[in-house]
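These notes are about the structure you will find just below.
The values are calculated or read from the model by the stated rules, or taken from the named source; none is laboratory data. Please read these numbers as outputs of a predicted model, since none were measured by experiment. Quick reminder, even Gly has a Cβ in these numbers, built from the backbone with ideal geometry, and neighbours come from all protein chains shown. Ligands, DNA and RNA are excluded from the accessible area calculation, which covers all protein heavy atoms including side chains. Shrake-Rupley method; radii C 1.70, N 1.55, O 1.52, S 1.80 Å.
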Amino acid sequence: MLDVKEALANLERTTDSPLFVTLGRIFQAAGHELSLVGGPVRDAFLGRKAPDLDFTTSANPDETLAILKPHVDAHWDIGRAFGTIGARIGDDTIEITTYRADKYDHDSRNPEVTFGKSLEDDLFRRDFTVNSMALRLTSERGGAAPVEVGAKQFVDPYKGLQDLLDGVLRTPGKPEDSFSDDPLRMLRAARFASQLGFEIEPATFEAMQAMAGRIEIISAERIQVELTKLMLGKHPRAGLEALVDSGLAAQILPELPALKLETDEHHHHKDVYEHTLTVVEQAIDYEKDYNLEGDFILRFAALMHDTGKPLTRKLEPGGGVSFYHHDMVGSKLTIKRMKALKFDNDTIKAVARLVELHLRFFGYSDQAWTDSAIRRYVRDADDQLLRLHALTRADVTTRNKRKADRLAHAYDDLEQRIGVIMEQEQLNALRPDLSGEDIMRILDLKPSKQVGEAYAFLMELRLEEGPIGAEEAEKRLLAWWANR
């Protein structure tokens, strides 16, 4: 756990560069304030370099651009409407935003952008106290008493540093006001719980529970960004539990709380919700084994893999419970949800495919597959094979060590056989022995449905028997065509 002295030393070391001196000097000369603010300050305290450098200033966008132009390698004003000017200085990319004081109308999806008058006002409108800290690069013009950090001044009017040291998320003002101004901040609380491992302070969490329904005014695109960042955090279980327990998941990802299936005294089965969170954690543990570190597709597939269970749950005689075809149902639910959240088609296709295939392996441990079954497994997984390996292994959460060991050894065997067959047959580029052009020449066809049917026949032949050569494939094709 960091202490204050160590945290301030981290901040000074991280921000000790000519860039900060230059920016402070040119804004001071122009008569304007400039401060490093938000995530970069938080990350500097934690001893890590932020991917982006965010600054706030008393200058308006036109004034900011005029100050920067003589000193930067490139500049852009795509965020001008929101008060933001971007620039590149050497290897650093920066964004400088005029002090903001905007808020949402009650029914609006977009904030009403208004500029603020002071650094403290700007810090007050930010989401959480750990992001409401600043490092002044110019002389102050009044406001909260700063802490000296080398030649700079650390400003922390809402005690964000103490919350950072305590690992607590709270809003600078009343959480109800903060979440009313921008409901996305509720999702950001869950996201930061995942990224930083912080706890959400009780009053803040109670406001999230009371106001969860207000998230409906936020666009799907913004929700998707926060959900993606949550899934890629170090502690996604904490973020996901915050979503479910606050009621936010019921609004944006209802398939997740639906996994808390009803139980009764006669029919017993695993807690699917807890199983799912465990699978997500275990999938992350397997990422290194398959060179998939920080892989959203794998993690989201792990989250969605059992979402078909609530709709397929059937109580069987004798106390059993079945979920027949939950893989297929879950795949369809995944596509529907990800489309609603505006994910791109390639990501949707990959996640849905993994959900559809996540049960395919189970049964291999009872009876080893034929070579043709392995070829189909590889063909169906296609470019998702490594992710399917990780997901399938992660899906074993049994406490029965003997059973877990048996499944692990069986999958070891499957992977080994896949490797051997791939080496022998180059399964990564699995194709029939004849091309579409060959088929049209042999059967005297033009591009048509019949060519596709012939190609499918030859692919089935390839999967069942492996490579048989062009000559034999032509004989089989002609025989199939004569008898079809």
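Listed values, structure above:
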| quantity | calculated |
| --- | --- |
| Matching residues in region 65-88 - criterion: being crowded, with 18+ Cβ neighbours inside 10 Å and farther than 13 Å from Leu23 by Cβ | Leu65, Gly83, Thr84, Gly86 |
| Test: Lys342 is surrounded by fewer than 21 Cβ atoms within 10 Å (Cβ to Cβ) and in contact with an Asp or Glu (Cβ under 6 Å, 6 or more places away or on another chain) | yes |
| Qualifying positions in region 299-326 - closer than 28 Å to His235 by Cβ, without any contact (Cβ under 8 Å) to a residue 60 or more places away in the chain and either touching a strand residue (DSSP E or B) at 6+ places or on another chain (Cβ under 8 Å) or not polar (S, T, N, Q) (or both) | Met304, Asp306, Gly308, Lys309, Pro310, His326 |
| Listing of helices (runs of 4 or more DSSP H) fully contained in region 416-484 that carry 2 or more residues being touching a Ser or Thr at 6+ places or on another chain (Cβ under 7 Å) | 449-465 |
| Selected residue (criterion: modelled with the lowest pLDDT) from residues of region 117-142 that are open to solvent by 20 Å² or more (accessible area, probe 1.4 Å) and touching a strand residue (DSSP E or B) at 6+ places or on another chain (Cβ under 7 Å) | Glu140 |
| Subset of region 1-20 (residues that are in a helix (DSSP H, G or I), β-branched (Val, Ile, Thr) and surrounded by 14 or more Cβ atoms within 10 Å (Cβ to Cβ)) | Thr14 |
| Looking only at region 5-54, and only at residues there that are among the hydroxyl-bearing types (Ser, Thr, Tyr) and in contact with a helix residue (DSSP H, G or I) (Cβ under 7 Å, 6 or more places away or on another chain), the one that is nearest to Asp156 (Cα to Cα) | Ser35 |
| Cross-chain or 6+ apart pairs with Cβ under 6 Å, region 243-254 first and of a type in the set (D, E, K, R), then at pLDDT 95 or above | none |
| Out of Leu161, Leu187, sole residue that is within 17 Å of Ala134 (Cα to Cα) and open to solvent by less than 20 Å² (accessible area, probe 1.4 Å) | Leu161 |
| The listed residue being acidic (Asp, Glu), surrounded by fewer than 16 Cβ atoms within 10 Å (Cβ to Cβ) and either free of Cβ contacts under 8 Å to residues at least 60 places away in the same chain or at positive phi (or both), out of Asp62, Asp54, Asp43 | Asp62 |
| Inter-residue pairs, beta-carbon under 7 Å, first farther than 14 Å from Leu36 by Cβ and in region 6-18, second modelled with pLDDT of 75 or more and part of a helix (DSSP H, G or I), 6+ apart | Ala7/Phe45; Ala7/Leu161; Ala7/Leu165 |
| Subset tally (residues that are charged (D, E, K, R), more than 19 Å from Leu391 (Cβ to Cβ) and free of Cβ contacts under 8 Å to residues at least 40 places away in the same chain) for region 327-348 | 3 |
| Single match in Thr370, Thr334, Thr347 (criterion: hydroxyl-bearing (Ser, Thr, Tyr) and open to solvent by less than 10 Å² (accessible area, probe 1.4 Å)) | Thr334 |
| Checklist (1) in contact (Cβ under 8 Å) with a residue 40 or more places away in the chain; (2) in contact with a strand residue (DSSP E or B) (Cβ under 8 Å, 6 or more places away or on another chain); (3) farther than 24 Å from Val130 by Cβ applied to Ile85, failing item | (1) |
| Enumeration of residues in region 162-187 that are assigned to a helix (DSSP H, G or I) and among the basic types (Lys, Arg) | Arg185 |
| Given (1) without any contact (Cβ under 8 Å) to a residue 12 or more places away in the chain; (2) open to solvent by less than 20 Å² (accessible area, probe 1.4 Å), number of the condition Arg399 does not satisfy | (2) |
| Residue within region 23-30 that is closer than 17 Å to Leu196 by Cβ and either touching a residue at least 12 places away in the same chain (Cβ under 8 Å) or open to solvent by 20 Å² or more (accessible area, probe 1.4 Å) (or both) present | no |
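The rows are residues; the columns are (1) under 28 Å from Ile215 (Cβ atoms); (2) not charged (D, E, K, R).
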| site | (1), (2) |
| --- | --- |
| Ala302 | yes, yes |
| Asp306 | yes, no |
| Phe323 | no, yes |
| Met338 | yes, yes |
| Ile348 | yes, yes |
